[in-house]
Each structure stands twice: as C-alpha cells, then as structure tokens.
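The values are calculated or read from the model by the stated rules, or taken from the named source; none is laboratory data. Note that the coordinates shown come from a computational prediction; the quantities given were computed from them, not determined experimentally. Here the Cβ positions follow ideal geometry from the backbone for every residue, glycine too, while neighbour counts run over all protein chains shown. Protein only, heavy atoms only, side chains kept; ligands, DNA and RNA dropped before computing areas. Shrake-Rupley method; radii C 1.70, N 1.55, O 1.52, S 1.80 Å.
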Amino acid sequence: MEPNDLNSLPPDDVQLEAWLRASTTLPPLPDDGFSQRVLTALPPPAREDSVWRRWFCVAGALTGGGVAALGAFGSGNQTAGLADLQDTILATLAQLSVPGFGLAVGITVGSLWFAFRDRWRLLPRW
Amino acid sequence: MTDAELIARVLVSDDHAAFGDLVRRHQSAVRHFLRHLTAGDTALADDLAQDTFVQAWRGLAGFRATAPFSTWLLGIAHNHWRNARRKQRTVPVEPGHLAALDPVPSPAPLSDLRHDLGRAMRSLAPEEQTALHLCYQQGLSHTEIAEVLAWPLGTVKTHLNRGKDKLRPLLASWNPTT
C-alpha cells in the first residue's frame with residue numbers, strides 16, 4: 001500500500017491516513033455456511049479417469065503414427081519408402097499453400113484452441 | 001498450504017476440498033467488497049460472491065498468478081457487480097458500505113470517528129469510495145486496485161487523491177476529545 005512512509009506526507013495527510021487506517025480496517029466476516037453453498041453450486045467433479053483418457057489418446061496417436069511410419073518404411077526397399085514419404089510430405093505442404101486449404105486448417109486449429117484453451121494446462125507434461 | 005498449492009490441486013484433480021479452502025480463505029474479502037459495491041445489500045452481495053467463486057472455479061486454469069489470487073477474485077467480483085448493475089438497474093449504484101459496517105464494538109472515540117468518516121465517505125463519488133475501500137479496507141496496493149477495477153494506474157491515484165482531498169475538510173474539525 002503506497003505511500004508507506006507517512007513521515008513524507010504533509011501533517012494533514014498524516015492525520016487523515018492514520019484515521020483511514022485506524023477506522024476502516026475490516027473485521028473478517030464469519031463464513032456462516034457461505035463456503036458450503038459455493039461448493040454445492042460448483043459443477044460436479046470431472047471423472048477421475050479423464051487424465052488417463054488423455055494419456056490413452058496420446059499413446060494411441062503415437063502408436064497409430066508409428067504403425068503408419070513402419071508401413072511406409074516396411075514395404076519395398078527403404079530408399080523407396082523414404083522417397084515416398086518425402087513425396088507425401090511435400091505434396092501435403094504444397095496443399096497448405098492453397099489459400100482455401102490453409103484457411104480451413106487455420107480455422108480448425110483456432111477452433112480447437114478456443115474449445116480447449118482452459119484445459120491445456122491439464123495435459124500431461126513431459 | 002499456500003494459495004498456489006491449493007490452486008494446483010484444483011487444476012490437477014478438480015479437488016473440491018482444496019477449492020473449499022480457497023473459498024474459506026477469501027470469502028471475507030470478496031463479500032466485504034461486494035457489500036461495499038451494493039451499498040450494504042448483504043443478500044445481493046452474497047449472491048454475487050457465490051457467482052464470483054463459481055466463475056473462479058470455471059476459469060481457474062486462466063489464472064496466471066501475475067497478481068495475488070485475492071486480487072484476481074476481486075476483479076471477477078467487480079465484473080459480476082458491473083454486469084448485475086447493467087442487467088438490473090435496481091441494484092444500488094452508490095456504494096455506502098462504510099457507514100453500514102461497524103460490527104465490532106470500538107472504543108468510543110474510534111467508534112465516533114468511524115461514524116463521522118462513514119458519513120463523510122458517503123459524500124464522495126462512487127469511484128472515490130471504491131478506490132478508498134480497496135486501499136484502506138482491503139489493503140490493496142495502487143497497482144492491485146488498478147488491476148481489480150481495470151483502471152489505469154493514474155486514474156486510481158487520481159480518485160484516491162480526490163477522495164482524500166474531499167475528506168480532509170470534512171474531517172478537519174474532528175476532535176476525539178470533544
């Protein structure tokens with residue numbers, strides 16, 4: 001709370017500050033069941049397995065991606081697999097440069113962020 | 001347990017008990033502030049306080065800890081009061097909580113001072129009353145007041161100084177010995 005140094009204030013201000021501090025300090029309000037009413041009004045707790053469900057989704061996505069990658073590398077010789085993968089990635093990136101597609105991706109990502117913006121802190125940390 | 005630890009427990013596991021501790025810890029400041037804003041209408045103030053904590057529960061993930069948790073709560077409370085005032089023009093606009101609040105028996109001179117100060121406070125503009133309430137009754141810094149009320153820091157200082165300038169002559173003749 002500024003200013004703390006009452007000595008730096010004019011005499012009138014020192015007295016007024018002292019009165020304000022002495023006479024306006026609030027006594028704590030008794031709870032009187034208020035906290036319980038708040039807790040009753042809260043939405044029900046999220047299911048306890050929600051964090052595990054998120055981990056499961058992450059693990060599933062990684063597994064699916066891994067299987068897809070193995071499929072790409074596993075068929076034919078490895079050099080051909082790499083070339084196919086590179087072609088696929090380049091083709092995808094080329095599509096991103098199409099304004100309409102880029103806009104659609106942007107809207108999708110923005111919508112997902114907006115929908116889950118209050119939950120991102122609950123995602124598992126590495 | 002600190003506020004930050006309780007908040008972490010709420011965020012990680014939707015811990016109602018931890019949030020209950022936060023409510024118990026901060027209910028007095030929030031309810032006092034809303035009683036001030038609603039001119040001592042305790043029922044309305046408590047309804048708004050309940051909405052404030054429910055909103056805090058929903059938006060807790062958005063709390064960035066750049067200011068104390070209590071400051072964040074008071075900001076939500078102020079927004080709720082403003083919204084309620086907009087929706088329902090019957091909500092009193094002029095805060096006058098200081099005069100209504102004197103629940104603790106005080107030594108006679110201090111009690112007289114509270115009374116006179118409360119009466120003098122009622123003559124101030126609502127913004128000046130609110131700034132003085134947050135500064136002296138809630139003990140907030142000027143920066144915290146600016147955050148709660150979403151005012152520029154200069155505006156906070158202006159309202160505080162104007163309020164004190166108006167109080168000074170009103171209390172100039174006050175003498176506890178007479």
Check: Applying the Karplus parametrisation 6.51 cos²θ - 1.76 cosθ + 1.60 with θ = phi - 60° to the phi angles of the range B:51-61, what ³J(HN,Hα) value in whole Hz is obtained for each residue in order, glycine and proline being reported as x?
Finding: 4, 4, 6, 5, 5, 4, 4, 5, x, 4, 5
Check: To the nearest 100 Å², how much accessible surface do chains B and A cover up together, summed over both, with a 1.4 Å probe?
Finding: 3800
Check: HN-Hα J couplings of the range B:149-160 from phi, Karplus 6.51/-1.76/1.60, θ = phi - 60°, integer Hz, Gly and Pro as x?
Finding: 8, 6, 10, x, 4, x, 5, 4, 5, 4, 5, 5
Check: Per residue of A:13-19, what is the mean number of Cβ atoms on other protein chains within 10 angstrom of that residue's Cβ?
Finding: 4
Note to self: Whole-Hz ³J(HN,Hα) for each residue in the range B:129-140, computed from phi via Karplus 6.51 cos²θ - 1.76 cosθ + 1.60 with θ = phi - 60°, x for glycine and proline: what do you get?
What the structure shows: 4, 5, 4, 5, 4, 5, 6, 9, 8, 9, x, 7
Notebook entry, point to check: Can you give the net charge of the other residues whose Cβ lies under 13 Å from the Cβ of residue B:26, counting K and R as +1 and D and E as -1?
Noted result: 0
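The range B:28-71: which trypsin sites (Lys or Arg not before Pro) are DSSP loop and have at most 15 other beta-carbon atoms within 10 angstrom?
B:64
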Next item on the list: Please give, to one decimal in nm, the separation of the simple spin-label points placed at residue B:119 and residue A:94, each 7 Å out from Cα toward the Cβ.
Entry: 8.7
